[in-house]
Structures are given as structure tokens and as C-alpha cells.
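Trainee: Handing you this structure, nothing more for now.
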Amino acid sequence: MATGDGEAEFTAFVTAREQQLLHAAVLMTGDFHAAQDLLQEALVKLADRWESVSRGAEYSWVRRTLYRDSVSRWRRTRRERSHAAPEDAPGRIGTAIYDPLGQWATGEEIREALQQLPPKQRAVMVLRYFEDLSEAQIAETLGVSAGTVKSQASAAATKLRDLLPHLQPAERQQRESAR
């Protein structure tokens, strides 16, 4: 990164967007420390490319990098070692260990259900309902087709309904129990 104005702009960007990006990273990873690492890696990549990233597009660039790296990290980790059960993993949401996400949002049960989704489905749901992006924007962010976004969202919604049946409206529960 060039010194001077570029460095000041980068610092101002990080200061303004860090908490929002960290919140998204925590929702993606389910682990505060992993989210910090993921965000730090994305910001280092941005710093390396700061001069070439269009002004006004920095947030989108970092967010896209964050979500893609999260999915890549999950794939790499899955190949390298087996996962502990969610209730046994240190730093997981819902354990007695430090949980800063609790400061930002309520809905622990929903966050825990999100962690049971595969990373791509989780990314689609977070981008859609936390970031409020359209299907086309999600497809662009994740580098997949709009059809993939729709299928991942549908599968995620089905899994979340199964995990959280008591959160469904009463008439939907009646329809589904009548099947």
C-alpha cells in the first residue's frame, strides 16, 4: 500500500466498517476467534490491493473475500481434521466461553441452528437476511449462479424449519402436520 492518503483512507475504512464485517464473520464461522482471523486475512488482502480497488467498492470487495475465504477455509479444514461436536468445540456460540456475538444480537437458538448448516447454505442465508442482498448480488459475491443461490437458500430454509419448528407460524405447523 502506498503511504500518505491511501494509508489514511484505508485506516478510515477499517475503522468505519470493522465491527460490521466482524459481525458477519462471526455469523459465518460461529467462532469469534476464527472470525477475527478471517477478517484480518481479508483486510490484509485489501491492504495489498488498496490502490487497485475502486473507491466506494471496498466494502463489497472485503465482504466477497470474507465469504469466499470462509467457504475455502471450511473445505481445507474438513480435509485436514475432523470436527469436534458443536457443544464440545471451544469458542463456539452457545457455550459458556466468551461470546461477544451475544452483545450484538439476540436469537441464540437461531445462531446455533445456522451453525448446523453447511458453509455455503450459511453464507447464502447470512448474505440474504443479515446483509439484505438480492439473489443476483449473492451469486456475484459467492461466485456462483443465481440457481445455486436459490437451491442453497431453499435447502437452508428447509433445514432451519426442521431445526426450529416452534418458530413457524401456527397455520404452517398445522399444514405440515396434516401431511
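The values are calculated or read from the model by the stated rules, or taken from the named source; none is laboratory data. None of the values given here were measured: they were computed from a predicted structure. Because the Cβ atoms are built from the backbone with ideal geometry, glycine has one as well, and the counts that use them run over all protein chains shown. When the accessible area is computed, the model is the full protein with side chains, heavy atoms only, and any ligands, DNA or RNA have been set aside. Shrake-Rupley method; radii C 1.70, N 1.55, O 1.52, S 1.80 Å.
Trainee: With the stretch 46-163 as the region, which helices (runs of 4 or more DSSP H) entirely inside it contain at least 2 residues that are modelled with pLDDT of 90 or more? Full working, then the answer.
Mentor: Details: elements: 58-80, 101-104, 108-115, 119-125, 135-142, 146-163.
Output list reads 58-80, 119-125, 135-142, 146-163.
Trainee: What's the number of the only condition in (1) open to solvent by less than 30 Å² (accessible area, probe 1.4 Å); (2) farther than 19 Å from S70 by Cα that T15 fails to meet?
Mentor: (1)
Trainee: Please go through the stretch 107-136 and pick out each residue that is without any contact (Cβ under 8 Å) to a residue 12 or more places away in the chain and crowded, with 17+ Cβ neighbours inside 10 Å.
Mentor: Within the stretch 107-136, just L133 meets the criteria.
Trainee: Would you mention how many residues in the stretch 35-50 are open to solvent by less than 30 Å² (accessible area, probe 1.4 Å) and under 30 Å from A113 (Cα atoms)? Can you show your working first?
Mentor: Applying the first criterion (open to solvent by less than 30 Å² (accessible area, probe 1.4 Å)) to the stretch 35-50 yields 35, 38-39, 42-43, 46-47, 50.
So of that shortlist, the ones also under 30 Å from A113 (Cα atoms) come out as 35, 38-39, 42-43.
Matching residues across the stretch 35-50 total 5.
Trainee: Shifting gears a bit: Could you list, ordered by first residue, the pairs with Cβ atoms under 9 Å in which the first is in the stretch 27-38 and closer than 17 Å to R17 by Cα and the second is assigned to a helix (DSSP H, G or I) and among the polar types (S, T, N, Q), at least 6 apart or interchain?
Mentor: Matching pairs, first to second residue: M28/S70; A35/T29; A35/S70; D37/T29; L38/T29; L38/S70.
Trainee: Of all residues in the stretch 51-72 being within 20 Å of Q152 (Cβ to Cβ) and without any contact (Cβ under 8 Å) to a residue 40 or more places away in the chain, which is surrounded by the fewest Cβ atoms within 10 Å (Cβ to Cβ)?
Mentor: S72
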